[in-house]
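Visitor: I'd like to ask you about the structure that follows.
Taken together, the values in this text are just the output of simple stated rules run on the coordinates, not laboratory data. Treat the numbers as computed from the prediction; the structure is a model and nothing was measured. Positions of Cβ are generated from backbone atoms using ideal geometry, with glycine treated the same way; all protein chains shown enter the neighbour counts.
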Amino acid sequence: MSSLDDRRSGFQRYKQDVKARGKPFYPFAMFHDTVMSLVVVCVIAGLAIVWKETDILGPLIGPKADPGTISFVPRPDWYFYFLFYLLRIFKWPETVILATIGVPTLCLVLLLVLPFVDLRTERRLSRRPVAVVAAALVVLSMGVLTYKGATAKEAIKSEVQAAVPGWAKKQGFANNKEAVAGANLFAGSGCTNCHTYLGVGSSNLGAPDLSAEGAKGKGIQFQVNHLTCPSCVNPGSPMPPFAALGTDNLHKLAAFLEASKGPK
């Protein structure tokens with residue numbers, strides 16, 4: 001008897017058994033699943049109401065975002081901590097694709113393939129040691145990674161900030177403390193999300209390369225005015241204003257830009 005015939009005969013036995021002494025999946029089991037899903041939704045809604053009315057789980061809304069911050073480090077929600085910590089294991093940029101795409105995709109493919117590979121009818125856990133051990137290892141690894149992700153200390157410097165000493169050396173402003181401070185602000189404020197500088201960053205929305213910005217001779221005050229309100233100085237500019245950084249920080253950024261005359 002072929003595997004297909006065996007499965008067909010097994011299905012017929014199941015139908016006969018259900019007809020003789022059991023209940024079919026629909027509507028009985030589906031009804032139970034529907035009721036349980038409703039209970040879960042009600043519990044979530046109840047917790048949300050309790051949270052909103054009593055703040056027993058902490059403040060519903062945190063303090064307002066500071067647009068001038070240069071120290072904020074974004075972190076994911078707790079249920080993504082295990083993926084978040086994978087980025088600590090697979091280092092940027094050589095192997096980061098394994099943490100962001102490789103491992104999650106592999107796990108998803110295994111879950112999709114499993115029902116088509118494991119066709120046994122055995123349900124007792126004692127007779128399925130491989131499945132039990134695999135499930136336990138998955139749960140344990142996700143638990144450990146979640147804990148480590150929740151307690152991980154953030155690096156003081158990002159990869160962009162680590163490039164600042166090299167910028168100062170190539171541009172010749174290593175002894176200019178204000179320019180170096182501005183370079184660190186430039187690296188830590190996300191400016192390289194739109195601009196490029198000595199090969200670092202990405203050009204978006206037509207943002208220019210600022211490696212030789214100082215060679216244009218625009219002056220400190222122009223740079224400060226432009227950073228404060230880009231569209232006021234350059235009508236139609238898509239660059240957002242950075243006035244929230246404060247006058248002192250704007251002057252540091254301006255000093256850095258004016259000291260950037262191209263690599264020497």
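Visitor: Can you give the helix-only mean residue ellipticity at 222 nm for the chain, where every DSSP H stretch with n ≥ 4 adds -39500 (n - 2.57) and the sum goes over all residues, rounded to the nearest 500 deg cm²/dmol? Don't skip to the answer; put the middle values down first.
Guide: Details: 10 runs with 137 residues, N = 264.
Theoretical 222 nm ellipticity from helices: -16500 deg cm²/dmol.
Visitor: Taking loop as defined by DSSP and a crowding limit of 16 other beta carbons within 10 Å, which GluC sites (Glu not before Pro) in the range 137-235 fit?
Guide: Here the sparse-neighbourhood loop sites are Glu154, Glu159.
Visitor: Can I ask one more? Need one number: the % of Cα-Cα pairs in the range 93-136 sitting beyond the 15 Å mark. Write down the numbers at each step before the final one.
Guide: On the way: 554 of 946 pairs.
Tail of the P(r) past 15 Å holds 59 percent of the pairs.
Visitor: Work out, step by step, the length gained on full extension between Val132 and Ala243: first 0.36 nm times the residue separation, then minus their alpha carbon distance; give nm to one decimal.
Guide: Numbers: separation 111, 0.36 × 111 = 39.96 nm, distance 5.76 nm.
Full extension from Val132 to Ala243 adds 34.2 nm.
Visitor: Which of Asn184, Asn193, Asn249 moves the most in a Gaussian network model of the chain with Cα springs under 10 Å?
Guide: It is Asn193.
Visitor: Using Cα springs under 10 Å in a Gaussian network model of the chain, which residue among Met142, Met30, Met239 shows the largest mean-square fluctuation?
Guide: Sorting by GNM fluctuation, first place goes to Met30.
Visitor: How high is the relative contact order of the range 161-259, in percent, with contacts defined as C-alpha pairs under 8 Å that are six or more residues apart? Before the final figure, lay out each step's value.
Guide: Working: 124 pairs, mean separation 30.7, N = 99.
Once normalised by length, the contact order is 31 percent.
Visitor: Further question: Kindly point out, ordered by number, any Cys in the chain whose beta-carbon has no other cysteine beta-carbon under 4.7 Å away.
Guide: Cys42, Cys107, Cys191, Cys194
Visitor: If you build a Gaussian network model of the chain, linking Cα atoms that sit under 10 Å apart, which residue out of Gly182, Gly214, Gly62 swings the most?
Guide: Evaluated over the chain, the most mobile residue of the options is Gly62.
Visitor: Sticking with this structure for a sec: If the viscosity is 1.567 mPa s and the temperature 4 °C, what translational diffusion coefficient in µm²/s does Stokes-Einstein give for the chain when Rh comes from Kirkwood over Cα pairs?
Guide: Numbers: Rh = 24.7 Å.
Once the numbers are plugged in, D ends up at 52 µm²/s.
Visitor: Could you tell me which of Gly217, Gly201, Val50 has its Cα farthest along the dipole of the chain towards the positive end, charges placed at Cβ (Lys, Arg +1; Asp, Glu -1), taken about the Cα centre?
Guide: Of the candidates, Val50 comes out farthest on the positive side.
Visitor: Next up: Using the Cα gyration tensor of the range 111-258, with a ≥ b ≥ c the square roots of its eigenvalues, what is the shape: rounded (a/c below 1.5), prolate (a/b larger than b/c) or oblate (neither)? Could the numbers behind the result be given before it?
Guide: On the way: a/c = 3.74, a/b = 2.90, b/c = 1.29.
Judged from the Cα gyration tensor, the range 111-258 comes out prolate (a/c at least 1.5, a/b above b/c).
Visitor: Report, ordered by chain and residue number, the lysines lying within cross-link reach of Lys148, taken as a straight Cα distance under 30 Å and ignoring same-chain residues fewer than 8 apart.
Guide: Correct list for Lys148: Lys52, Lys64, Lys91, Lys157.
Visitor: While we're here: What is the calculated FRET efficiency for Leu106 to Ile44, with r their C-beta to C-beta distance and R₀ = 41 Å, to the nearest 0.05? Don't skip to the answer; put the middle values down first.
Guide: On the way: r = 30 Å, r/R0 = 0.74.
After rounding to 0.05, the efficiency reads 0.85.
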